[in-house]
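To start, the structure under review is shown below, and the notes come after it.
The values are calculated or read from the model by the stated rules, or taken from the named source; none is laboratory data. This one's a predicted model, so the numbers in the text were calculated from it and none came from an experiment. Every residue, glycine as well, gets a Cβ built from its backbone with ideal geometry; the counts of neighbours run over all protein chains shown. Remember, those area values only see protein heavy atoms, side chains included, never the ligands or the DNA or RNA. Shrake-Rupley method; radii C 1.70, N 1.55, O 1.52, S 1.80 Å.
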Amino acid sequence: MHRVCFTLRVDPARLDEYRARHADVWPEMLVALRDAGWRSYTLHLAEDGLLVGVLETDDLAAAQAAMEATEVNRRWQAGMAEFFPDLADGRADRGLRVLEEVFDLDAQLARHGEATTS
């Protein structure tokens, strides 16, 4: 399993509406994400529009491809495109900027023979 962190930029003038849409995501979208292999998926939003996503998955490319194949994702992306004016096609699912992991506390503790508390 891999942990993935990515960023996007939400239109700062629309943050409240973006939050509201994510407060009650369509049940079929939630199921599609789960079935496509997105686990422990969270989004974090800064007041300047910086959006940070974190998820666990066995294979990010496969999880993205599985979502791309769903009708619910096409509808969701079409409805959310207006929040991402910096993306040419407005498709946040295609505009993820994946960040490199440079530190993992648990991995380093394990390497030094220390127990983790999680």
Condition check for Arg74: among the charged types (D, E, K, R), surrounded by 13 or more Cβ atoms within 10 Å (Cβ to Cβ), touching an Asp or Glu at 6+ places or on another chain (Cβ under 9 Å) and under 20 Å from Val10 (Cα atoms): yes
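Return a yes/no flag: does the range 29-36 have any residue that is outside any helix (DSSP H, G or I), under 13 Å from the mean Cα position of the chain (by Cα) and of a type in the set (D, E, K, R).
We begin by selecting, within the range 29-36, every residue outside any helix (DSSP H, G or I); these are none.
No, that holds for no residue.
So that you can scan it fast, the table gives a plain yes or no per residue for (1) at pLDDT 95 or above; (2) not in a strand (DSSP E or B):
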residue	(1), (2)
Thr7	yes, no
Ser40	yes, no
Gly53	yes, no
Ala78	yes, yes
Asp89	no, yes
Val98	yes, no
Which numbered condition Gly37 fails, given (1) in contact (Cβ under 8 Å) with a residue 40 or more places away in the chain; (2) open to solvent by less than 20 Å² (accessible area, probe 1.4 Å): (1)
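Any residue in the range 58-68 that is surrounded by 13 or more Cβ atoms within 10 Å (Cβ to Cβ), part of a strand (DSSP E or B) and among the small types (Gly, Ala, Ser)? Give the derivation first.
Pass one, the range 58-68, residues surrounded by 13 or more Cβ atoms within 10 Å (Cβ to Cβ): 60, 63-64, 66-68.
From the residues that got through so far, the ones that are part of a strand (DSSP E or B) too are none.
The answer is no; no qualifying residue exists.
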